[in-house]
Amino acid sequence: MKKIILLAFLLYLPINSFAFSDPNQMIQVKPYGGPLFIKGFQSEWDIPILIYSDSDRKAYMTAGSIEFAFAGTTYLQNGSFLVRVCIWYTGDKVRQRIIEDMKRWIKNQSDPEKYLNPKFFTYECCDIGFDKKENKVFLNRQFALDRDGEMISAYLAERVIEDPNSFFKKLPKYIDAALSWAKEHPPNSQVRRFIESRSREH
């Protein structure tokens, strides 16, 4: 994972030249599944970094999230962060559990009986934040995507994750591990000087 993080951090550039006109396209999908590019905070196409994997799902954060975290002072000051995450659900049972949770929160933009079922629902994109001072995990935006990476439902309001067994509750430790490693291995001296200067300020 460390080599992947370093490579993505070295090569990161907003990939606007690959952008599609479809505003509902959140992921560019590889031929056999999984994200090739993920739409970032400002609708740019961004590089996915694998941070978690098991038999039911794979979780990715965007390379731009590393740059975003280091551009502000919150992460460097107290470890809090906000990142764009994509989850690829590979198991039918976990998809069904996620769908039941989504039905309580997401405003459906299409027929829920047609799209919010394991046959169509494949990916989820969200902005996940961690407030280290308050020890709270929250979702800022949440998108359900079909097998082609197109948005089928969305929930845009912030909500705090209360369930201790929620995958989102466990995810920040993997995100923090990726950010911490990137902080210790910046791709060039300019980034290193930037990080060190911010660290001294706080």
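What follows is calculated from the coordinates using simple rules that are stated; it is not laboratory data. Bear in mind the structure is a predicted one, so any value in this text is a computation, not a measurement. Cβ placement follows ideal geometry from the backbone for every residue including glycine, while neighbour counts extend to all protein chains displayed.
Which net charge results when you count Lys and Arg as +1 and Asp and Glu as -1 among the other residues whose beta-carbon is under 14 Å from that of residue 60?
Around residue 60, the surrounding residues sum to +1.
Under a point spin-label approximation (7 Å from Cα along Cα-to-Cβ), what is the residue 78-residue 163 distance to one decimal in nm?
For residue 78 paired with residue 163, the spin-label model returns 2.8 nm.
Neighbour counts of other C-beta atoms within 10 Å: give me 151, 26, 61 arranged from fewest to most.
In order of increasing Cβ crowding within 10 Å: 151, 26, 61.
If amide hydrogens are placed 1.01 Å from N in the peptide plane, which non-local residues have theirs closer than 5 Å to the one on residue 136?
131
Among the aspartates and glutamates, which have Cα under 15 Å from the Cα of residue 30 when same-chain residues fewer than 8 positions away are ignored?
46, 146, 148, 150
Checking the cross-link filter: which aspartates and glutamates have an alpha carbon closer than 12 Å to that of residue 132, excluding same-chain neighbours under 8 positions apart?
Within the straight-line limit of under 12 Å, residue 132 reaches these aspartates and glutamates: 176.
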